[in-house]
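To start, the structure under review is shown below, and the notes come after it.
The values are calculated or read from the model by the stated rules, or taken from the named source; none is laboratory data. This one's a predicted model, so the numbers in the text were calculated from it and none came from an experiment. Reconstructed Cβ throughout: ideal geometry from the backbone, glycine too, with neighbour counts over all protein chains shown. All accessible areas refer to the heavy atoms of the entire protein, side chains included, with ligands and DNA or RNA removed. Shrake-Rupley method; radii C 1.70, N 1.55, O 1.52, S 1.80 Å.
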Amino acid sequence: MLHFRMPINPHRIVRAWLESLSSGVVELDRDWTDRTFPRFTLGEQCAAPGGLAPAPGLIAGRTHGYFLNPRGEISFVLPISGLHGMDPARDTVFLAGDFNGWQAAIGQPEWQLHPVELDGERVLMWTGDATRFLAEGGLRFKFVTGEHQWLVPPDDAPNVVRDDTGNLNRCLDPHRTGWHLWQFTLGAPLDLAEERAVTWSVASDRQEPVPLVPGRFFYNLKTDLPLGALVYADATVFRLFAPRAKSVTLRLNQKVGPLAEAQTFELARRAGGEGAAGVWEITLNQKLHGWFYWYTVDGVREGSGKFDPAMPVLDPYALAAVGRDGPGIILDRAWVGEGDRGFRTPAWHDLIIAEAHVRDLAANAPLKLTAAEKRGFTGLRKWVDSPEFYLHYLGVNCVELQPVQEFDNRASEEYHWGYMTNNYFAPESSFALAPAEASGVRELQELVRAFHRRGMAVVLDVVFNHVGEPAHLLFVDRLYYFEQDANGELANWSGCGNDIRARSAMAKRLIIDSCLHLIEAYGVDGFRFDLAELIGVPVLREIEAALKRVKPDVILIAEPWSFRGHIAGQLRDTGWSSWNDGYRDFVRDFVRGTGGADRMEYFLKGSPWFFAKWPAQTVNYTESHDDRAWLDMITENPGFDGFVPTGNDRCRTHLMAALLFMSLGIPMLAAGQDFLRSKHGVNNTYQRGDLNALDYRRLYRYLGTHAYFAGWIAFRKSERGRLLRQRSRPGEGFFEFFPAKDSTAFAAVYNADREQGPVRLLFTVNPTGADVTVTLPERVTTDTWHQLADQERFFPAGAPGATLPVEPELFVPALGCGLWSSEA
């Protein structure tokens, strides 16, 4: 226990944290008005050479976002160290809040923050008279860039509040202005494994001991040593990063068996030194390839960072696992080998993606497969190798597989989308034919090779924002690996109850190491990051840099939102692409006759500037695994059930396909969308394998729609389709749009200025229920146009039958569209 001695104790300690192993901060319930503090000293228990010192300035600014100086001025503080990707000399940041109209402050010089040095650190700061800010309590504020990017405060900031629309802001407290924070220095460093608390040395019924928790320095602790079970010719090394543990025990079995029958070995904390903090290890003089293991980790038993020594922990770096509970399987990395690295990943602007689940593709494949094969990697690999493979006929060149890392289904037969990951290196055991033999390693390697033989890149959906049950990382170190609020409660912006603190050094390394392993051992081409907003832009930048050092053409896609916010705009200056939820929602409305042509124009242009700086930064889609199927969302049938689609449902789906493939950016389909897949209106099918499994008989029932999608894909991949596969943002004259009068219908000319060669494309869409005409100028109609497609089909060269001529008053039928190409 740390005691702070004082003659009287009218203030209550509400929080205390370490700034280093030998210094920290105490937070009081309100400001101490006598700011001289000549009588404050630390008790003997602290062996402190100094005493308590006031902490307004950098510590207060970093913690609360503001502080009051002795002159009665208030300073709002934003540390530059957290502004990854922003240049304070170029980018502007403004203070906005209840006191200045929020949005109205953007661009106003009087509210701009400026670079200064504060207590030895460079920060952005705004300073002014405090009266207007502190006259009343509870005023909210936030920092925002000149490009309208709102900077979300950290979850653990003590003054974070949520408004009525779910936005996170900071609030001002006139009684807590920085003079409620006090620094202390210890005579000797503390051991993180020991529980500590602080209180006043003078007894008071107002003061319970307050836990002393690690601060920012703790989350920067790291090691570069290899982790996991490391197999050598005559030894196996076990190494785990657990910075607050008192002990770590290895539980080892030669065969799969209960924890109670395992041999036990105590790991030792690695001797101090650079890069060794928090590392536990043991070397056993035996090659243990194929053996099974867990850890148990012990430490403090109370509080928000408690340990449970009875919990068997699956090694975060285990290369294979028997199941979600473990044990891990010890594998020689030489046995694991390398994945297919000879495949040439398509350029991003050439990608056409199909999102799919392993079991959804394999379950009803028209092959002779065993029940076990239909559930996993081998069944899907055989289907991919089949001459009749559905995605091959569709023509996509990239498959985005829903999670294939070990997740928390309770039995191999249980269907699960996989967004509850238990281990980031091990292939999902229920997808493997012999999980205890680590067969999933070979099976996943062969599956990736099979897709590559088909000319399809493999992108994996990865979930690094939270973990499944059991939450093994939680028992390695809850404080280090998980986001918590100021009260020690786990953050839940994922909706799954345990958001990972990706900004912790070793959590970030775990993510990077996992992705590198999947690239090197399995040959995957890229990743789609689930709820990437929770990973954060600074960490995403570091992940990008690390992966591109190994695979420069790696595909990186973010789901740029969470329940906390949206970061697509902030990703414009990175090498990440983003799922475009605005595109998804708008097209659903547009094909049903609502939504303006000007908004559709924005999306056809590739959502420029705010969302995407270059076309392939937007992944355009209208259906994914989440929520209802496209058809169920737009059907005219009651109850969102499109299983038996109406004629208009089918027409609107064709319009959607035309819009999707004519939009700049990366088009993505959900598997089965091309043959009018329905999930009978069910909104969340994460455990409904019966609804999610593709019914390939439906493909033949709606073969015309499937052929229509395949025709668009073939066109997009063709020479004329290169006008849609833009590597960089085209010039202002590339597009020319012609809206129909009093209608949401329009016509658009691509390469209107012929800057990219003589060939131009003309595209028309009419999402309304009435025929329309679109007026075209002479500079368009004088070209020689050949129709390539309408709302029903693509026209093979030389095929008989009428086509629609391009005239000054171009006819577009209800729920119709058309595509023409000019002569070269």
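Of note:
- Cβ-based charge dipole, the chain, positive-most Cα from 822, 169, 682: 822
- Listed peptides 787-800, 424-437, 522-535, 646-659 by packing density, highest first (mean Cβ within 10 Å): 522-535, 424-437, 646-659, 787-800
- Note: the chain, Cα convex hull, 182 Å³ per residue.
- Kirkwood estimate for the range 686-824, i.e. one over the average of 1/r between Cα atoms, Å: 16.7
- Its residues counted as N, the range 390-500 yields a C-alpha radius of gyration over 2.2 N^0.38 Å of 1.26.
- For the chain, the longest principal axis of the Cα atoms and the long axis of helix 581-590 meet at an angle of about 40 degrees.
- Cα gyration tensor shape for the range 746-814, rounded if a/c is under 1.5, else prolate or oblate: oblate
- Per-peptide average of other Cβ atoms within 10 Å, ordering 208-219, 169-180 highest first: 169-180, 208-219
- Magnitude of the charge dipole for the range 318-387, about its Cα centre and with charges confined to Cβ atoms of Lys, Arg (+1) and Asp, Glu (-1), is about 200 debye.
- Rg in Å to one decimal, and Dmax rounded to a whole Å, for the range 268-399 via C-alpha atoms: 21.8, 60
- In terms of its C-alpha gyration tensor, the range 301-363 has a prolate overall shape, because the principal axis ratio a/c (a ≥ b ≥ c, square roots of the eigenvalues) is not below 1.5 and a/b outweighs b/c.
- Normalised alpha carbon radius of gyration of the range 444-582 [divisor 2.2 N^0.38 Å]: 1.08
- Averaging over all projection directions, the Cα-based convex hull of the range 528-570 occupies 2.8 nm² in the image plane.
- Between the residues 762, 517, 583, the greatest Cα displacement towards the positive end of the dipole of the chain, with unit charges on the Cβ of Lys, Arg, Asp and Glu, is found for 517.
- Loop-resident GluC sites (Glu not before Pro) (DSSP state other than H, G, I, E or B) in the range 253-360 with no more than 13 further Cβ atoms inside 10 Å of their Cβ: 274, 302, 338.
- Kirkwood estimate for the range 354-399, i.e. one over the average of 1/r between Cα atoms, Å: 10.6
- Within straight-line cross-link reach of residue 382, lysines at Cα separation under 18 Å, skipping those fewer than 8 residues along the same chain: 368, 374
- When only the Cβ of Lys, Arg, Asp and Glu is charged (+1, +1, -1, -1), the dipole of the chain relative to its Cα centre reaches about 1020 debye.
- Averaged per residue, the chain has 38 square angstrom of accessible surface, using a 1.4 angstrom probe with ligands and nucleic acids left out.
- Solvent-free Debye scattering, log10 I(q)/I(0), computed from the Cα coordinates of the range 620-779 at q = 0.17 Å⁻¹: -1.07
- Convex hull of the range 530-606 built on C-alpha atoms - directionally averaged projected area, nm²: 6.1
- Members of 255/287; 548/605; 508/548; 605/741 lying beyond 18 Å, as alpha-carbon distances in this model show: 548/605; 605/741
- Between the range 182-202 and the range 455-487, the alpha-carbon center distance in angstrom: 31
- Taking all Cα pairs closer than 8 Å and separated by 6 or more residues, the relative contact order of the chain comes to 9 percent.
- Summed side-chain charge close to residue 158 - residues other than residue 158 whose Cβ falls under 10 Å, Lys, Arg +1, Asp, Glu -1: -1
- Using alpha-carbon coordinates, inclination of helix 505-522 to the longest axis of the chain, degrees: 40
- For the range 356-449, convex hull of alpha carbons as volume per residue, Å³: 95
- Note on the chain: antiparallel DSSP beta bridges, both residues inside, total approximately 75 percent of the bridges counted.
- Here the Kirkwood formula, the inverse mean of 1/r across different C-alpha pairs, assigns the range 463-530 a hydrodynamic radius of 12.8 Å.
- Per residue, the chain reaches -5500 deg cm²/dmol at 222 nm when only DSSP H runs of four or more residues are counted, each adding -39500 (n - 2.57).
- Carbon/sulfur fraction of accessible area - the chain, other protein chains in place, 1.4 Å, %: 51
- Charge dipole of the chain about the Cα centre (unit charges at C-beta), most positive-ward option of 130, 789, 635: 789
- Estimated translational diffusion coefficient (Stokes-Einstein, Kirkwood radius over Cα pairs, 4 °C, 1.567 mPa s) of the range 128-223: 75 µm² per second.
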